[in-house]
1. Only residues of region 282-299 count here: report those whose backbone N is under 19 Å from the spot 7 Å along Cα→Cβ of D192, or say none.
2. Rounded, prolate or oblate: which fits region 185-343 when a ≥ b ≥ c are the square roots of the eigenvalues of the alpha-carbon gyration tensor, with rounded for a/c under 1.5 and prolate only if a/b beats b/c?
3. Could you tell me the center-to-center distance, by alpha carbons, between region 196-242 and region 294-347 in angstrom?
4. From the P(r) of region 279-347, could you give the percentage of C-alpha pairs in the tail past 21 Å?
5. How large is the Kirkwood hydrodynamic radius of region 1-149, in angstrom, based on all distinct alpha carbon pairs?
6. Please report the base-10 log of the normalised intensity I(q)/I(0) for region 77-213, using a Debye sum with one equal scatterer per alpha carbon and no solvent, at each q in 0.12, 0.13, 0.17 (1/Å).
7. Just to confirm my numbers, what's the Cα centroid distance between region 29-70 and region 87-139 in Å?
8. GluC sites (Glu not before Pro), restricted to region 239-347: which are DSSP loop and have at most 13 other Cβ atoms within 10 Å?
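Read the figures in this text as sums done on the coordinates, not as results from a lab. Just so it is clear, the model here is predicted, and its values are computed rather than measured. No Cβ is skipped: glycine too gets one built from the backbone with ideal geometry, and neighbour counts run over all protein chains shown.
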Amino acid sequence: MTAPAPVIEELGFYTLAGQPDSARALVDEVRDAERIGLGTCWISERYNKKEACTLSGAAGAVSDRITIATAATNHNTRHPIVTAGYARTMQSLTGGRFVLGLGRGIAPMQDAFGIPHITTAQMEDFASIMRRLFRGEVVMGHDGPAGSWPVLHLDATLDEYLPMAMVAFGEQTLRLAGRSFDHVVLHTFFTDETTARCVRTVKEAAEQAGRDPEAVKVWSCFATVGDHIPEDQRLMKLVGRLGTYLQGYGALLVRTNGWDPAVLERFLADPVVQSVRGLDVSGTTEQLAHVAELIPEEWLAAAATGTPTQCVAAVRDQLALGCDAVILHGASPAELEPIVAEYRRTA
């Protein structure tokens, strides 16, 4: 059996990108990722067949060295002691290879399901609770932004540090991540200017909190879709994915990047866009080709495309902007293999 390649700590991937036919695809993806040397497997959560606890356990069971991180789950969909128990179990299962990643969530979905909106204060309070529980503390009579509980406790003999990540978009979340978290995952399709600004915000917040800015790892979430992937799939992974973001929270993404809101208005008013909910899931090739004409090229330019050499150059540009690491987003490890090989060759 061929030995796995050395780990490239600054590269990661999202398992089960998009809407997989089966959650079991994660097994081969994690094994492929370890074989080619990706450093982190990120797990996003959707409630159909991408529930984070289940996927985390499966990834831990079939891996030996890759870091497993959620990006993200929401702190208010489970009781805090359940989340703490999940994180502690994952640390035990993996020998400390787990990172608990949190996010603010999508407001329209939360409204539909009756889940309260998440505030910055709640996430900061929740992170503090997790830290205390992992130090073996008994949290008595907690009454704070995250909620009120008579007693929270894991294990009096426990004295560990739980690495935590934050998926950050707006300035307040970025600053929270800088002062309280270990990893920060930026959003896909950020412009270079937005990416550099977000990195500065995180590092400044860490420094102002008395932390070492270098200890907070900022991850670019960078769409990486090489030309070796069939064209219809490239459309889905790029145009479909950005189109879905624009459908879900386009105003926030446009405002963050300084894009023209009038373009977004025309995009959302288009009959094809209105007829397909979730372009990256159910859009046909013909529909996506039409949608591609509605999205300016510069909006799609924040991605690694082309040959493996061109993709690697784009990935390295993300590091040059100040990011500490890059999630090669939107492709499986098997699809990423020629790009990772080129990255390693040109190191």
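1. 296-299
2. It is oblate, given that a/c is not under 1.5 and a/b is not larger than b/c.
3. Spelled out, the Cα-based centre of one part sits 10 Å from the other.
4. The proportion of pairs with Cα distances above 21 Å equals 37 percent.
5. Radius from the Kirkwood sum: 16.5 Å.
6. -0.53, -0.62, -1.02
7. 18 Å
8. Values: sites: E265, E286, E293, E297, E298, E335, E342; in loops: E293.
Within region 239-347, the qualifying GluC sites (Glu not before Pro) (loop, at most 13 other Cβ atoms within 10 Å) are E293.
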